[in-house]
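Data first, discussion second: the structure below is written as structure tokens.
Since every read-out is calculated from the coordinates, none of them should be taken as a lab result. These numbers were taken from a predicted model, which means no experiment stands behind them. In this analysis, Cβ positions are derived from the backbone assuming ideal geometry, glycine residues included, and neighbour counts consider all displayed protein chains.
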Amino acid sequence: MIFILLIICIIIFEWKTKNYIEAVYDDKKQTYLFHDKIRVRKYHNPGAFLNIMQYQRKLLHLISILFTCLIGIFFMITLFQKGNYILKLGLSLLLGGAFSNTYDRLSRNHVIDYFSFCTPFEKFNRIVFNISDFCILIGTLLVVLKTEHF
């Protein structure tokens, strides 16, 4: 199925990208893409978004595992239902991103983030993301929109 393939692609892409960033970038190396609009660098995030729970790692690990498992169960329940393509897409993005970041938390004890945006807003520029973060965001929005309006 295409939705399972999407999850696998997210996981493999992120695994390869994070390993590349880990191997090639040190704490000072930075590169810029798209006419200096995106900065690529290595950042080890010990917590969740914006380092939330960075000092409660065991609890964060447990929450990450539970969240990923619940999304996985919900995904499996909806996978074999007819229709619901937007919901399935949202859950696929959400699960792929959640699995990738949870894997990082458990295997590395931090999540590897590797790009930030260059904007006029200095505080926003300091936030470092990975592709999984955007998969989680977009997936969540699709799930919420699908369950709220249909």
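Cross-link list Lys16/Lys88; Lys37/Lys58; Lys29/Lys123; Lys58/Lys82: which exceed 29 angstrom alpha carbon to alpha carbon? Listed pairs above 29 Å: Lys37/Lys58; Lys58/Lys82.
Under 5 Å between amide hydrogens, built in the peptide plane, is the criterion, and for Gln54 it picks out Ala48 among residues at least 5 positions away or on other chains. Measuring from centroid to centroid over Cα atoms, what is the spacing of the range 2-75 and the range 107-150 in Å? What the calculation gives is 9 Å, centre to centre. Of the residues Ala48, Gly139, Gly72, the one whose Cα sits farthest toward the positive end of the charge dipole of the chain, with +1 on the Cβ of Lys and Arg and -1 on the Cβ of Asp and Glu, is Ala48. Of the chymotrypsin sites (Phe, Trp or Tyr not before Pro) found in the range 1-67, those in coil by DSSP whose Cβ has at most 11 other Cβ atoms within 10 Å are Phe34, Tyr55. Along its first, second and third principal axes, ordered by size, the range 61-122 spans 45, 30, 14 Å in Cα coordinates.
Applying a DSSP loop filter and a limit of 12 other Cβ atoms within 10 Å to the trypsin sites (Lys or Arg not before Pro) in the range 88-150 leaves Arg126. Using equal-weight Cα scatterers in the Debye expression, the normalised intensity of the chain in log10 at q = 0.14, 0.17 Å⁻¹ is -0.72, -1.01.
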